[in-house]
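A quick write-up on the structure given underneath.
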Amino acid sequence: MRLGALLLLAALAAATLPGCERIPAGAGPDASAPVHARPIDAVQGPARHLRANDLVALARDAVPPALHARLAAAWAADRSRWPLEELPLHGQLPRLIAALSAPDAERTLMAAFERQFTGAEGELRQAVETLGTFGVQYLRSDPRLDEAERDRETQRLVALSRWALQAPLTDPARARAALARLCAAARATGLDSEAALREAGMEDSLRRLSSFLAEAKAVLAGYGLDLDASLDAMTVELEQQTGDRARLRVRYALAGEPVDVRVEAERRDRRWYRSDWLRHAEAAAARPAPARSDGA
């Protein structure tokens with residue numbers, strides 16, 4: 001299993017962390033309260049779903065119902081893979097699942113792991129440092145990100161890079177156990193290609209990927225990256241509200257590194273949503289169909 005695959009899993013699971021209100025143990029949502037009635041609900045609700053490994057519910061509550069329906073139609077037409085598009089390197093997810101789902105993947109990937117990592121702790125550390133430095137430089141110049149998004153992504157990348165420098169990534173026993181869990185979870189999804197994602201549709205794909213997310217989070221916890229602990233200890237404050245727009249301050253620890261970010265929210269039809277997710281989802285729903293290779 002390559003370092004890049006494990007770091008991708010970390011990015012997949014960590015990408016939706018900001019933000020959520022601190023959730024006391026055993027606490028649940030107020031059933032009498034309107035959905036998304038407060039600015040903090042824009043992130044609190046989806047974060048609860050992430051904590052529960054429920055990507056179907058996360059997608060449902062992250063955007064207004066009409067936009068959710070458009071996204072489902074765009075998914076079926078291969079025009080969108082939202083909300084997976086909120087994840088760094090989301091385009092590699094089908095390829096990663098295909099590699100983990102392949103026959104005898106446990107043996108072949110473990111053999112590749114041993115060839116690459118045996119006695120290579122120094123080279124691995126250098127690779128992590130290089131990837132972290134390059135990633136930060138890329139984020140700082142990415143025109144698709146606004147300042148708040150750039151700050152959030154940079155803080156997360158720095159935290160994940162520092163985690164990777166300390167994590168036992170070259171431990172063969174951990175790798176063998178991780179591969180057993182991830183290969184089984186990947187095969188259970190049946191989502192090893194873009195065609196499989198299209199045929200399953202948005203809701204069923206997200207339902208299957210929820211189980212894979214749960215296993216990925218469990219594997220990462222074994223490497224010292226406990227994302228559920230980050231969610232459980234996260235706090236959010238309403239910094240400013242002007243009419244239908246608000247700014248939230250979200251703080252949590254990612255692999256022991258403090259992260260302190262801002263998230264914009266906005267109200268639509270009396271419900272609050274994350275502004276960046278709305279913007280990305282609307283762009284995905286409006287995207288033209290991809291060019292076909294058969295000449296049709």
>> Please go through (1) at pLDDT 90 or above; (2) surrounded by fewer than 20 Cβ atoms within 10 Å (Cβ to Cβ) for W75 and return the number of the only condition it doesn't satisfy.
In response: (2)
> Applying the selection to the stretch 32-85, what residues are among the basic types (K, R) and in contact (Cβ under 8 Å) with a residue 40 or more places away in the chain?
Replying inline: R38, R51, R70, R79, R81
> Of all residues in the stretch 58-72, how many are buried (at least 20 other Cβ atoms within 10 Å of the Cβ) and either small (G, A, S) or outside any helix (DSSP H, G or I) (or both)?
Replying inline: 3
> Within the stretch 129-150, which residues are part of a helix (DSSP H, G or I) and either without any contact (Cβ under 8 Å) to a residue 24 or more places away in the chain or surrounded by fewer than 16 Cβ atoms within 10 Å (Cβ to Cβ) (or both)?
Replying inline: E129, T130, T133, F134, V136, Q137, Y138, L139, R140, S141, E147, R150
> Given (1) at pLDDT below 90; (2) assigned to a helix (DSSP H, G or I); (3) farther than 19 Å from P88 by Cα; (4) among the aliphatic types (A, V, I, L, M), where does A185 come up short, assuming only one miss?
Replying inline: (1)
> Going through the stretch 248-276 one residue at a time, which ones are farther than 19 Å from R156 by Cβ, assigned to a strand (DSSP E or B) and either of a type in the set (K, R) or at pLDDT below 90 (or both)?
Replying inline: R267, R268, R271
> Looking at A173, is it exposed (fewer than 13 other Cβ atoms within 10 Å of the Cβ), part of a helix (DSSP H, G or I) and among the aliphatic types (A, V, I, L, M)?
Replying inline: yes
>> Residue under question is A289, and the condition is that it be surrounded by fewer than 21 Cβ atoms within 10 Å (Cβ to Cβ) and either on the phi > 0 side of the Ramachandran plot or among the small types (G, A, S) (or both); does it hold?
In response: yes
> Could you list, in sequence order, the residues of the stretch 213-239 that are under 19 Å from L160 (Cβ atoms) and of a type in the set (A, V, I, L, M, F, W, C)?
Replying inline: L213, A216, A218, V219, L220, A221, L225, L227, A229, L231, A233, M234
> When the stretch 75-94 is examined, which residues are found to be hydrophobic (A, V, I, L, M, F, W, C), under 13 Å from the mean Cα position of the chain (by Cα) and not in a loop (DSSP other than H, G, I, E, B)?
Replying inline: L84, L93
> What tally of residues in the stretch 215-247 results from selecting those that are acidic (D, E), modelled with pLDDT of 95 or more and outside any strand (DSSP E or B)?
Replying inline: 1
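Here is a yes/no grid of residues against (1) in contact with a Pro (Cβ under 6 Å, 6 or more places away or on another chain); (2) in contact (Cβ under 8 Å) with a residue 12 or more places away in the chain; (3) surrounded by 14 or more Cβ atoms within 10 Å (Cβ to Cβ):
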{"residue": "A195", "(1), (2), (3)": "no, no, no"}
{"residue": "L206", "(1), (2), (3)": "no, yes, yes"}
{"residue": "L213", "(1), (2), (3)": "no, yes, yes"}
{"residue": "Q240", "(1), (2), (3)": "no, no, no"}
{"residue": "V250", "(1), (2), (3)": "yes, yes, yes"}
{"residue": "P258", "(1), (2), (3)": "no, no, no"}
{"residue": "A283", "(1), (2), (3)": "no, no, no"}
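Starting from residues that are at pLDDT 85 or above and surrounded by fewer than 19 Cβ atoms within 10 Å (Cβ to Cβ), keep the ones in the stretch 111-128 and report whichever is farthest from A177 (Cα to Cα).
It comes out as R115.
Got a sec? Which of L254, L231, L220, L227 is farther than 25 Å from R144 by Cβ, within 18 Å of the chain's Cα centre (by Cα) and crowded, with 22+ Cβ neighbours inside 10 Å? Explain how you work it out, then say what you get.
Values: L254 fails: farther than 25 Å from R144 by Cβ; L231 fails: crowded, with 22+ Cβ neighbours inside 10 Å; L227 fails: farther than 25 Å from R144 by Cβ.
Of L254, L231, L220, L227, the one residue that is farther than 25 Å from R144 by Cβ, within 18 Å of the chain's Cα centre (by Cα) and crowded, with 22+ Cβ neighbours inside 10 Å is L220.
The values are calculated or read from the model by the stated rules, or taken from the named source; none is laboratory data. Only a predicted model underlies this, so the values are computations on that prediction, with no experimental measurement involved. Here Cβ is always computed from backbone atoms with ideal geometry, including for glycine, and neighbour counts include all displayed protein chains.
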